[in-house]
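The values are calculated or read from the model by the stated rules, or taken from the named source; none is laboratory data. Remember, predicted model here, so these are calculated numbers, not experimental data. We place every Cβ from the backbone using ideal geometry, glycine too, and count neighbours over all the protein chains shown.
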Amino acid sequence: MSEETCIECKERPVDVKKRGLCYACYQRLRKGTGLTPIYVAIANNREFHFVKSYFTHNNWTHTPAVFYLGKTKYTPDFYDGERNVFIEVSGSRQAYHQNKAKYELFKKTFPKIKLEIRTPDGELLSKDTNGIIEWDNIQLKII
């Protein structure tokens, strides 16, 4: 079995598995110096996993804009410049349902702006004609 190497320096073995970094690169991350901007900007493990598994290009932005929705505001997780679409990464069914009203308000307030809601693996949460959202092969009825 081969040992994992650091995703930053690609030389030393991984010491901090949560980040995929060796100890030296992890220390640079904690101090905020010397790492590729993606590792500094994305501290959330779910979003970091999404970037590694989804994007095949560099034309994307993390937390690209703030949209005001009346008394509340909403910041999508990513903007994909290749496809001209905002992407929200929802980490769990519970997180999706807690924010579902905000997503719907966004789509109603800004109907010409594309928003996709995806899992941390990059899978699109798709809505079929029966109003069912698929989440990791578990179907949830929208009420």
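The set of residues from the range 87-102 being under 17 Å from K52 (Cα atoms) and either in contact with a strand residue (DSSP E or B) (Cβ under 8 Å, 6 or more places away or on another chain) or not assigned by TED's automatic domain parsing to the domain that holds V66 (or both) comprises I87, E88, V89, S90. Sub-7 Å Cβ pairs linking a first residue in the range 103-122 that is assigned by TED's automatic domain parsing to the domain that holds T56 to a second residue that is of a type in the set (K, R), at least 6 apart or interchain, are L115/K107; P120/R46, ordered by first then second residue. Contact map, the range 60-77: residues that are loosely packed, with under 14 Cβ neighbours inside 10 Å paired with residues that are modelled with pLDDT under 85 and of a type outside the set (D, E, K, R), Cβ distance under 6 Å, separation 6+ or inter-chain. Pairs shown: T75/T63. Every test in (1) over 24 Å from F48 (Cβ atoms); (2) at pLDDT below 90; (3) in contact with a Leu (Cβ under 8 Å, 6 or more places away or on another chain) is passed by G131 save one, and that test is (3).
Would you say R19 is closer than 28 Å to E8 by Cβ, assigned to a helix (DSSP H, G or I) and modelled with pLDDT under 80?
Numbers: closer than 28 Å to E8 by Cβ: yes; assigned to a helix (DSSP H, G or I): no; modelled with pLDDT under 80: yes.
In short, no.
Mind checking which residues of the range 60-113 are within 16 Å of the chain's Cα centre (by Cα) and part of a strand (DSSP E or B)? Of everything in the range 60-113, those that are within 16 Å of the chain's Cα centre (by Cα) and part of a strand (DSSP E or B) turn out to be W60, T61, H62, Y74, F78, Y79, D80, V85, F86, I87, E88, V89. Only one of the numbered conditions (1) modelled with pLDDT of 80 or more; (2) out of contact with any strand residue (DSSP E or B) (no Cβ under 7 Å at 6 or more places or on another chain); (3) assigned to a loop (DSSP other than H, G, I, E, B) is violated by S53, and that is (3).
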